[in-house]
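Inspection log for the structure reproduced underneath, given as structure tokens.
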Amino acid sequence: MRMTNSTTNNTSNTHLLEIEQVKKKIRMNNFYKGMLFLLPSIMLFSVFLFYPLFRTIYLSFFLTKASGDTTIFVGLENYVNMFASPLFLKSMKSTFLFVFYTVPTTILISLFLAVIANEKLKGIGFFRTIFSSTMGVSVAAASVLWLYLFNPTVGLFNQILDIFGFEAIGWLTDPKWALLSVSATTIWMNIGFTFLILLSGLQSIDSSLYESADIEGAGYFYKLRRITIPMLSPTLFFVITVTIINAFQSFGQIDILTQGGPVNETNLLVYSIYREAFVNYRFGSASAQAIVLFVLILFMTYLQFKLGERKVHYQ
Amino acid sequence: MTMSTSRKVIFYVILILSALLLAGPMILAFVLSLMTNQDILTGNIPTALTVDNYIRAFERSPLLSYLINSLLVSIVIMLGQLLLSSLAAYAFVFLEFKGRDILFYIFIATLMVPFEVSVIPNFHLIRDLGWIDSYAGLTIPFFATAFGTFLLRQNFKQIPKELREASQIAGIGDVKYYLTVVLPVAKSSLVTFGIYGFLSTWNMYLWPLLATTNDKVRTVQIGLKQLQTQEQVNEWGVIMAGAVIVIIPTLILLFFGQKKLQKGLTEGALK
Amino acid sequence: MSQIELVKISKIYQKKQAVLNEIDLTINEGEFFVLVGPSGSGKSTLLRMIAGLEEISEGILKMNGKIVNHIPPKDRNLSMVFQNYALYPHLSVEQNILFGLQAKKLKKQERQRRLYEAAEMMGLIELLERKPRELSGGQRQRVALARAIVSQSPLCLMDEPLSNLDAKLRANMRVEIRRLQKKLGMTMIYVTHDQVEAMTMGDRIMVLNDGKIQQVGKPITLYNEPANLFVASFIGSPKMNLGKAILSEDGKQLVVEGQLHLDISSIFGEELPTNRQLTIGIRAEHLLPGTIENINYLLEAVNVEQLGNETSIAFEVGAELWTARWSGQWFIKVGQKVPVQILPENLLFFDSETGNLIHSVSKGRMQEVLTTCV
């Protein structure tokens, strides 16, 4: 039955060589197959993401024609001018203020809604649906809805003020109020998504933690503080970074509500890029601003990857 | 945990108040869309309900064709994303080949490049390709998605590897395995990601604004902006009717898909 | 026909640790061959290399004399049953059974014929329309088996197919799989960590530990003549009683665990080394109850289990716990000193250092049944 060892040894060398060749071929085939499955994505990423990214960096060193063709290489001049420009600095200030106004409020409201929607009550599903509903409202629709609310004469807010005898406020035209008004719209829009994610986070907390706290007689707020919030921290962290990144990218609500005004009070970064590029046709300096946006978001993503794994409590 | 009745009442009061506040703008929009201009301008309680605003919204702008455009664009992007990301996820989960890890990092890297950063060259690219005012220009740039790939990858990973090994022994190739086993087994996550893709495309704003210059392929979001800027200040009923029409499809989708979406998004995002 | 030969097969991960080390093995056609070992011993890896699911790092794998190292799984003409059954959750039982046949170019009639034959054999005719999640564990197992049957491959590989079943069902399936293999005449390679399965099912068994072959042989050979301490303690239930022992200079006295003094002068010649650390082993059924005629050792019972048909008693011997199995029901109290008879010819001797067998139980104790004439 069994082949003798000597025959195996004689034939083994040539066979091993053959086997190696076949293995190599199989490996090549696997590689081609892998590429076949990934090629569509890679190609589109290259054309519509990586090439434009590098093109943006490239453009930021040039002056351009209205057609977008580069004319003169100016080195870092676009960046120097940008940081010297009061308009851009104001835009940056507004952007950070906007992040500051929207992010904490969105998180707090969503967290509150998620906590009350996590109770096991009859009909809770209905409330969950309502709370997440703003996720289905597009930025254009949301802005139009709030445009009405902010309307100086027929708008709901001023009508309410009128009933109580207060003076009408130029919600979108008064420099003091415009950014806050845009922020309010944004918060409302973002609640849906944030709520949904936080609710999932709450639901994934092991119920035995609450049961053992109940046995020890812990109160509602004690449990909230000592179990819910710590266990939710990874989700919270994720939601915070996503909300910040979203806030940096805000565009539609500005375009419909204020067009960056009054006196550039709401000229947020992406709107500023849009105006510089597609209204003023200065693609070079617009690209320089886009790079600033890129760096900001890169930094946020970096934080999410780095801190997300370490400082936050994971189960 | 059981709750005392008084506690329950408190919770219900809070829940109802929150729901009213949150849904307020939408309810208001719906009510306004059914009101006469007279009532809106005087700030009265509606005296009569009418669908005139909806009729006018469709008469005054090509709202119907905007809707069809949006539907088409959203469905095409959704399908494109499903196809490309399921293919990519398949490669990352089931295929072993040199360079796979590097490619995976490249996919991660794409998450750090927001579309707004690359929007200028993209616009030039589409213009040079002659894709302005075309469905191609509105859809193709969004087919590849790292988020979708990761979400589906998480799901594919839960398919026992023995299923693939059993197929390998039976002589079933990768393409067939992908089509006849992976896609049907991961159906639910495909639906989830499909809903997500449809929602986010339907609501897209910046790109359709740049990539469309006429009504031919313009989407309903930009249509709504047009409607709002064209209308006289006192035509709020018509604008709200437009807004309601824009919101309804996504809200319906959300109501049906909320549970799936909640599960899917957390899986893709947090694991 | 399917005969398999492994020549110096190794599996090395990351160019460091060898999971399998130079395995030489021949599996005969029509044989039920069991690979048994603790988890992490490399038995599944070996099976997967034979299946072609895992690359062979070194060595040669032959099937019917041909080298198949580089042949993809589908061309090795084999079927495989997985621990979790690997049923396609979205397909019905019928579709699951037929799924593998799609790739083979078979006529529809032939496919249907095979389907019904296999379903009939496994008692699945009533269940063909069901989805896997609507089946019990045992039924799923049958579907997996049916899938292996329809392929009509001469070689079937099974990777712990019974470990997800409850004890009763497992005993049934053992018999069923064994019968099936004989009926279809296929070569079977069966991986398990359960030595009872190995003993009851295998024509031959290979015991694997730490990536090395410990012993290959018939079940009864492994039981009677374990090649080393690992096999001795792995095969058999309860496990073999072991104890440290030293043979006196004159080779007449054996001191076990510093407690038992055995007179062994008459039996062993010069075979056993004197004055050296030995390990002796004795099976539970050889720790006999003491009788009047024989030399008895008084051992303290530390635990007594009444199993009904037999009694299992644990004794303390030095640092070891020894188990005895006595037929019938014995009334023994914990703490009681019990007379026990130990016959030197029932002892196995191992080298304590290498663990290898030096001397096994004296042969010739197979009993035979009377051939009855009707």
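The values are calculated or read from the model by the stated rules, or taken from the named source; none is laboratory data. Computed from a predicted model, the values in this text were never measured in an experiment. Counting neighbours? That spans all protein chains shown, and the Cβs are built from the backbone with ideal geometry, glycine included.
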Here are some residues: C:14, C:95, C:83. Which one is surrounded by fewer than 21 Cβ atoms within 10 Å (Cβ to Cβ), among the polar types (S, T, N, Q), in contact with a strand residue (DSSP E or B) (Cβ under 9 Å, 6 or more places away or on another chain) and closer than 29 Å to residue B:158 by Cβ? C:83
Residue that is surrounded by the most Cβ atoms within 10 Å (Cβ to Cβ), among those in the range B:98-116 that are of a type outside the set (S, T, N, Q), within 7 Å of chain A (Cβ to nearest Cβ) and in a helix (DSSP H, G or I): B:116
Evaluation of residue C:258 against (1) within 30 Å of residue C:218 (Cα to Cα); (2) not charged (D, E, K, R); (3) not in a strand (DSSP E or B) (one fails), failing number: (1)
For the range A:237-257, enumerate the residues that are at pLDDT below 90 and surrounded by 24 or more Cβ atoms within 10 Å (Cβ to Cβ). A:239
Please go through (1) buried (at least 17 other Cβ atoms within 10 Å of the Cβ); (2) within 9 Å of another protein chain (Cβ to nearest Cβ) for residue C:46 and return the number of the only condition it doesn't satisfy. (2)
Among the residues of the range C:1-59, which ones are of a type in the set (Val, Ile, Thr) and within 23 Å of residue C:152 (Cα to Cα)? C:4, C:26, C:27, C:34, C:50
Scan the range A:204-226 for residues that are more than 12 Å from every other protein chain (Cβ to nearest Cβ), closer than 17 Å to residue A:112 by Cβ and in contact (Cβ under 8 Å) with a residue 12 or more places away in the chain and jot them down. A:205, A:224
Only one residue in A:87, A:111 is surrounded by 15 or more Cβ atoms within 10 Å (Cβ to Cβ), modelled with pLDDT under 95 and either among the small types (Gly, Ala, Ser) or assigned by TED's automatic domain parsing to the domain that holds residue A:242 (or both), so which one is that? A:111
Would the range C:98-120 turn up any residue that is at pLDDT 90 or above and not in a helix (DSSP H, G or I)? no
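Suppose the filter is surrounded by fewer than 22 Cβ atoms within 10 Å (Cβ to Cβ), more than 24 Å from residue C:213 (Cα to Cα) and at pLDDT below 90; does residue C:65 pass it?
So residue C:65 does not fit the description; no.
Let's see how each residue does on (1) assigned to a loop (DSSP other than H, G, I, E, B); (2) buried (at least 17 other Cβ atoms within 10 Å of the Cβ); (3) more than 7 Å from every other protein chain (Cβ to nearest Cβ); (4) over 22 Å from the mean Cα position of the chain (by Cα):
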| position | (1), (2), (3), (4) |
| --- | --- |
| A:121 | yes, no, no, yes |
| A:127 | no, yes, no, yes |
| A:145 | no, yes, no, yes |
| A:148 | no, yes, no, yes |
| A:157 | no, yes, yes, yes |
| A:162 | no, no, yes, yes |
| A:165 | yes, no, yes, yes |
| A:171 | yes, yes, yes, yes |
Looking only at residues in the range C:78-97 that are in contact with a Leu (Cβ under 7 Å, 6 or more places away or on another chain) and assigned to a loop (DSSP other than H, G, I, E, B), which one is nearest to the other protein chains (Cβ to nearest Cβ)? C:86
Reported set for the range B:132-176 where residues are assigned to a helix (DSSP H, G or I), within 29 Å of the chain's Cα centre (by Cα) and either aliphatic (A, V, I, L, M) or closer than 27 Å to residue C:104 by Cβ (or both) is B:136, B:138, B:140, B:146, B:151, B:152, B:156, B:175
Run down B:195, B:239, B:222 and say which single residue is within 11 Å of chain A (Cβ to nearest Cβ), crowded, with 20+ Cβ neighbours inside 10 Å and in contact with an Asp or Glu (Cβ under 7 Å, 6 or more places away or on another chain). B:239
Select from the range B:168-184 the residues that are more than 8 Å from every other protein chain (Cβ to nearest Cβ) and either surrounded by 22 or more Cβ atoms within 10 Å (Cβ to Cβ) or aliphatic (A, V, I, L, M) (or both) and list them in ascending order. B:175, B:179, B:182, B:183
Looking only at residues that are within 23 Å of the chain's Cα centre (by Cα) and more than 7 Å from chain B (Cβ to nearest Cβ) in the range A:274-294, which one is surrounded by the most Cβ atoms within 10 Å (Cβ to Cβ)? A:289
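Only one of these is assigned to a strand (DSSP E or B), in contact with a His (Cβ under 9 Å, 6 or more places away or on another chain) and either closer than 29 Å to residue A:15 by Cβ or charged (D, E, K, R) (or both): C:12, C:60. Name it.
Being assigned to a strand (DSSP E or B), in contact with a His (Cβ under 9 Å, 6 or more places away or on another chain) and either closer than 29 Å to residue A:15 by Cβ or charged (D, E, K, R) (or both) holds for just one of C:12, C:60, which is C:60.
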Taking the range A:30-53 and keeping only residues that are of a type outside the set (A, V, I, L, M, F, W, C) and either modelled with pLDDT of 90 or more or farther than 29 Å from residue C:72 by Cβ (or both), one is left with A:32, A:33, A:34, A:40, A:41, A:46, A:51, A:52
Being surrounded by fewer than 21 Cβ atoms within 10 Å (Cβ to Cβ) and of a type in the set (Val, Ile, Thr) is the filter here; which residues of the range C:214-249 pass it? C:216, C:220, C:221, C:246
